Amino acid sequence: MARRPKSPAAFLRIPVSTELQLESIEKSLLVCGDAREALAMLPSASVQTVITSPPYWSLRDYRTENQVGCTESLEEYVESLAAVFDQLRRVLRDDGTVWLNVGDAYTSGNRRTRAPDRKNRVREMSVRPPTPGGLKPKDLIGIPWRIAFALQDAGWWLRSEVLWIKPNAHPESVRDRPTKAHETVFLLRRPRIISTTRKRFADRTADASARPGKFRRNRRRRTAPGRDIRR
């Protein structure tokens, strides 16, 4: 029995390279490596949809150099993500959108370690950042919204907030608050480029609002079949 020929791969897999610059994307592409370096390889305006969930702040220590999420300060974490979005803006098309999933966290009360968990061993951390300035022990930090506001300041449009509800959320050993059973997903898009025609129309509309007498249209009120009365 003859063997069936192997079908071509559905995607192209390449490693991150600082020397490789792609001129175009002809098929599905899987770039393995740091997203900050991978974005530099992609051509401008080549991506329509981005779905991303970056590492959460102070929740994991991946024990790698230049990792995201294990910084000493919350401001440094937010700035690092905003810098990645600066690169993302270049590769995103004008009609492109970004779906950003970010989890929240509570302050540690200045505890600098996290004990191992028998059910979730990756939660163990030998280093934890201190409590951010202005916050108190057990405060909900509000990390997703801090990132969203930073991206707004950078020019991104925050279009929607979507709640990812988890019916079977992992129980938490706390007695003074409910178990957190959702995460936040933001829909963002880059600023639109207003066409010349739309700009002229907007300018004319603004001019008409400033001088209503000149651009006022005749309106008709129908009172009977076949008869119109101007007013």
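Which of the GluC sites (Glu not before Pro) found in the range 1-96 are in a DSSP loop and have at most 11 neighbouring Cβ atoms, other than their own, within 10 Å?
For GluC sites (Glu not before Pro) across the range 1-96 that sit outside H, G, I, E and B with at most 11 neighbouring Cβ atoms in 10 Å, the list reads Glu19, Glu23, Glu26, Glu65.
One Cα centroid belongs to the range 25-66, the other to the range 130-172; the line between them spans 21 Å.
The chymotrypsin sites (Phe, Trp or Tyr not before Pro) of the range 58-99 that DSSP puts in a loop, and whose beta carbon has at most 11 other beta carbons within 10 Å, are Tyr62.
Annotation note: trypsin sites (Lys or Arg not before Pro) in the range 9-60 located in DSSP loop regions with a Cβ neighbour count of at most 13 within 10 Å are Lys27.
Every read-out reported here was derived from the displayed coordinates using simple, explicitly stated rules and does not represent laboratory data. Keep in mind that what you see is a predicted model, and the values were worked out from it rather than measured. Cβ coordinates were reconstructed from backbone atoms using ideal geometry, including for glycine residues, and neighbour counts include every protein chain displayed.
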